[in-house]
Amino acid sequence: MRGLFTPITKIRRQVFTEVAKYAFERDLEQSDFNYFYESSYRIIPGEVATYRDSVFKERAIIRERIRLALGLPIRPSITHQPFTQGMAECATTEKKLDMPLVNVIPFACEACPTDRVQVSDNCRKCLAHPCTTVCPVNAVSIGKHAAIIDQDKCIKCGRCIEACPYQAILRFGRPCAQACGAKAIESDDLGRAKINQDKCVSCGLCIVACPFAAIADKSEIFQLITAIRSGETVFAAVAPSFVGQFGPLATPGKIVSGIKALGITRVIEVGWGADVGSLHEAEEFLRDVPEHKPFLGTSCCTSWALFARKTQPTLAHCIAQTHTPMVASAQKIKAEHPGAKVVFIGPCVAKKLEALDDEVRPYVDYVITFEELMGLFSAKQIELSDLPETDLATQASRDGRNYAVAGGVAQAVVNVIKASGHEQDVPVTRADTLFECRKMLALAKAGKLNGHLLEGMACPGGCVGGPGTLSQIPRAATAVKAFAQDSPYQTAGDNTLEALAP
Amino acid sequence: MGVIHVEVCAGTHCTMMGAMNIMDAIHSLEELQQEMDNPCDIEVKAVPCMNLCRDEVHGPFVRVEGQLITHAESESVMAAIMDRCK
Ligand code: SF4
Ligand code: FES
C-alpha cells in the first residue's frame, strides 16, 4: 500500500535483509542454502498464522519471495522442485536476472474479483429500495436480509450505487489491475492475477498495490554483494530521487558514506547522466521537431518509453533516442574505469528491465532499488546518522537533480533549448502514471500535440513515486528540490561534464 | 492542554521498520488537532539510533512524553498521543 507501512512492507524488507545478511556473511567457498529455509521461520515465527489461513502457507510464500530476491524464478506449484534449486549458480558476480521481472506468486493471490458491484451490510432493506427501481437490467432483487445483485446480469452502470441512501452499494476491482496503466493484468484459470508479459512494461506499481503481497520482482542484491565480497571495484550510480529516502537524519552526504561503507568504491550522481540527456534531447528537439517528428517524447523513464513504443508503434520514432541517465552515467564510469562494475540504485523496477537490453548490459551490471539498499544497510548494521558526510563534489546541475520529480525532465530540456537562443516558447505536455500517458499519447496521435515536448512518467509524481522508494511522495519531492537548489550549476548546459567527481 | 513531546528513532533499523511512516502519521495528527475543541501542540523530533536495536529487535522505537513504545506502529503512537491530548 503506497505511503503506508503495512505488514507487507515489513515482510518485503525483512526478505531483503535476510538475503543481504547471508550474502555478506556467508562462506564464499561453501554455501549453505538451508539458511534461507530457516529465514522463512525467522520471518514468520510460531505456529499460529498471522495474516493467512496457515503458517505453512505464509512461510511457503516467503520462500518464493526469497527465491525472487536471489534473482531466481518462482517454482511451479504442480511439480516438485527443491527450494534451493539454482541457488548455487546465483552466488556469482555475473548477471543472473532474467525475464519475467515482475511475478505474481500464484498461491499468494487471493483471486480478487476483477470488477464487481456489491451490496455491503450497510443495506437496511428499506421500503423504498431505489436500487431495484433504477437498475436497467433488473439485476437487483430484495433478499431476506438485504438487496442482492445478480452478478450475471449486472452491467456495472453504477446507478444503484448512486441511488442508495445509505451508501450500501460499492464497486471495487483488483488493486493490481487498478494500478496497472498498461492493462497487463489478466486472470489464470483459477481466477488469479496473471501478468501478460507482452503488455507489461515492468513499472512495478502492482507490487506496491497488492494488499496480499502476491506480487514481487526479482532482485540482484545477492550478485551485487558477491561482487563486493569478491574484491571487485564497484561503482554505485544513484538516481536523483535518492535524497530523503532513508529518513530525516540521512543527509545526501551520509547516504553516500553509507553506500561506501558497504564496500562500494565510489558513488556517482545519476543526475550527471540526466544533464547529458537534457543536452541530447534539446538537440533532438531543435533538429527534428517539426520537420521529421511532429513532437518529441522524453526517454528517461523506461516504462513510459516502452509503453509508448508498444502501444503506438507508428509514433515510436517520436520518442527521443537519447540514452537514459542511468546508461549515460554508466557509460562514463566504464569509459573512465573499464574494469569497474556498476550498480544503479534507484526507485525503479523498470531499470532492471532496461539493464537486460543487449545494448545496456555492457554498462550496467546490477540494478537495485532504494528499498533493497535499505536491506543492505540493515544487514550490515550501518547507522547512517553516525557516519560523516561524504562531500558530493557536485556532479549534477539543479535541473538534473530535479529529474526525480514530475515536470523536472521537461523543464530541464526546455531550459537548455532556451539557453541555446531559441526564440519561441516550447509547449510542454506532461503526464504521470501510464493511465495519463495513454491519454496523452491519444492526443498526440490525433495531432493535437504537434510541436510539443512530451514528458512521460510511469510513476505517480515521477521517480519519487517509484515502487522501490521508502519515503512518501510529497516528503521526497521536497527533499529533492532542496538538494537541487544546492547545486552550483543551474541548467544542464552549465555543468562542465568533465571527469566524474568525487 | 499543552505540548506533547514525541521522539521518533530515525536510525537505520527503525527507519527500515517504518519510522518515517510513523512520522507522517504524527504530522497527520497536527492537522486533526487544529479541528479539535481543545487542540494540543505536538512536537516531533527525529532522533538518531536510540541504541535499543542491537540485541533482540523490537523496533521501531518511539517516545511519547518520555515513555517508550516498542514495536511502534502508526496506530499505537497516534493513540498514545491522542490519549494525552484529552
Ligand atoms: S490485488 Fe493481489 S490478491 Fe488481488 S488479484 Fe491482484 S495479485 Fe491477486
Ligand atoms: S535504529 Fe532505532 S534504536 Fe537503533
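The values are calculated or read from the model by the stated rules, or taken from the named source; none is laboratory data. The model shown is predicted, which means the values in this text are computed figures rather than measured ones. Every residue, glycine among them, receives a Cβ derived from its backbone with ideal geometry; neighbour counts consider all protein chains shown. SASA here: full protein model, heavy atoms, side chains in, ligands and nucleic acids out. Shrake-Rupley method; radii C 1.70, N 1.55, O 1.52, S 1.80 Å.
Looking across the range A:68-125, the residues that are away from ligand 1 (no atom under 16 Å from the Cβ) and touching a Cys at 6+ places or on another chain (Cβ under 9 Å) come down to A:Leu70, A:Gly71, A:Leu72, A:Lys96, A:Val117, A:Val119, A:Asn122, A:Cys123.
Give the range A:386-410 a look and list any residue that's surrounded by 21 or more Cβ atoms within 10 Å (Cβ to Cβ) and either in a helix (DSSP H, G or I) or on the phi > 0 side of the Ramachandran plot (or both), or say none.
A:Arg398, A:Asp399, A:Gly400, A:Arg401, A:Asn402, A:Tyr403, A:Ala404, A:Gly408, A:Val409, A:Ala410
Scanning the range A:333-364 for residues that are among the aliphatic types (A, V, I, L, M) and either open to solvent by 10 Å² or more (accessible area, probe 1.4 Å) or part of a strand (DSSP E or B) (or both) turns up A:Ala335, A:Val342, A:Val343, A:Ile345, A:Leu353, A:Leu356, A:Val360. The residue list A:Thr491, A:Thr429, A:Thr469, A:Thr496 contains one member that is out of contact with any Gly (no Cβ under 8 Å at 6 or more places or on another chain), within 30 Å of A:His337 (Cβ to Cβ) and modelled with pLDDT of 90 or more, which is A:Thr469.
Residues of the range A:412-443 being surrounded by 20 or more Cβ atoms within 10 Å (Cβ to Cβ) and under 23 Å from the mean Cα position of the chain (by Cα), which ones? The answer is A:Ala412, A:Arg430, A:Ala431, A:Asp432, A:Thr433, A:Leu434, A:Cys437, A:Met440, A:Leu441. Filtered by the rule that a residue be surrounded by fewer than 22 Cβ atoms within 10 Å (Cβ to Cβ) and farther than 16 Å from A:Val409 by Cα, the range A:321-331 gives a lone residue, A:Gln331.
Would you pick out the residues in the range A:444-478 that are open to solvent by 30 Å² or more (accessible area, probe 1.4 Å) and either among the basic types (Lys, Arg) or within 14 Å of chain B (Cβ to nearest Cβ) (or both)? Break it down stepwise before answering.
Initially, the range A:444-478 is screened for residues open to solvent by 30 Å² or more (accessible area, probe 1.4 Å), giving A:445-448, A:450, A:452, A:460, A:463, A:472-475, A:478.
Matches in the range A:444-478: A:Lys445, A:Lys448, A:Gln472, A:Ile473, A:Pro474, A:Arg475, A:Thr478.
For the range B:24-38, give me each residue that is more than 7 Å from chain A (Cβ to nearest Cβ) and at pLDDT 85 or above. Within the range B:24-38, B:Ala25, B:Ile26, B:His27, B:Ser28, B:Leu29 meet the criteria.
Considering each of A:Ala147, A:Ala88 in turn, give the residue that is of a type in the set (A, V, I, L, M), out of contact with any Phe, Trp or Tyr (no Cβ under 6 Å at 6 or more places or on another chain), modelled with pLDDT under 95 and open to solvent by less than 80 Å² (accessible area, probe 1.4 Å). Please lay out each step first, then the result.
Values: A:Ala147 fails: modelled with pLDDT under 95.
Just one listed residue meets the conditions, A:Ala88.
Here's the yes/no breakdown for (1) open to solvent by less than 60 Å² (accessible area, probe 1.4 Å); (2) under 28 Å from A:Gln197 (Cβ atoms); (3) more than 14 Å from every other protein chain (Cβ to nearest Cβ); (4) among the small types (Gly, Ala, Ser):
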| site | (1), (2), (3), (4) |
| --- | --- |
| A:Asp53 | no, no, yes, no |
| A:Phe56 | no, no, yes, no |
| A:Ser77 | no, yes, yes, yes |
| A:Asn103 | yes, yes, yes, no |
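Filtered by the rule that a residue be touching a residue at least 60 places away in the same chain (Cβ under 8 Å) and under 18 Å from A:Ala350 (Cβ atoms), the range A:409-435 gives A:Val409, A:Thr433, A:Leu434, A:Phe435. For the range A:175-184, the count of residues that are touching a Lys or Arg at 6+ places or on another chain (Cβ under 6 Å), open to solvent by less than 50 Å² (accessible area, probe 1.4 Å) and in contact (Cβ under 8 Å) with a residue 60 or more places away in the chain is nonzero.
When B:Ala10, B:Ala79, B:Ala19 are screened for being in contact with a helix residue (DSSP H, G or I) (Cβ under 7 Å, 6 or more places away or on another chain) and either more than 16 Å from ligand 2 (Cβ to nearest atom) or open to solvent by less than 20 Å² (accessible area, probe 1.4 Å) (or both), only B:Ala10 passes. Where strands (runs of 3 or more DSSP E) sit wholly within the range A:185-279, those with at least 2 residues that are open to solvent by 10 Å² or more (accessible area, probe 1.4 Å) and without any contact (Cβ under 8 Å) to a residue 24 or more places away in the chain occupy A:185-187.
When we screen A:Tyr41, A:Tyr22 for residues that are part of a helix (DSSP H, G or I), open to solvent by 30 Å² or more (accessible area, probe 1.4 Å) and more than 14 Å from chain B (Cβ to nearest Cβ), the only hit is A:Tyr41.
Being at pLDDT below 90 and either open to solvent by 50 Å² or more (accessible area, probe 1.4 Å) or away from chain B (no Cβ under 14 Å) (or both) narrows it down to one residue among A:Phe5, A:Phe36; which is it? I'd like the intermediate steps shown before the answer.
Numbers: A:Phe36 fails: at pLDDT below 90.
Every option except A:Phe5 fails the conditions.
Taken together, the residues in the range B:40-54 that are modelled with pLDDT of 90 or more and within 9 Å of another protein chain (Cβ to nearest Cβ) amount to 4.
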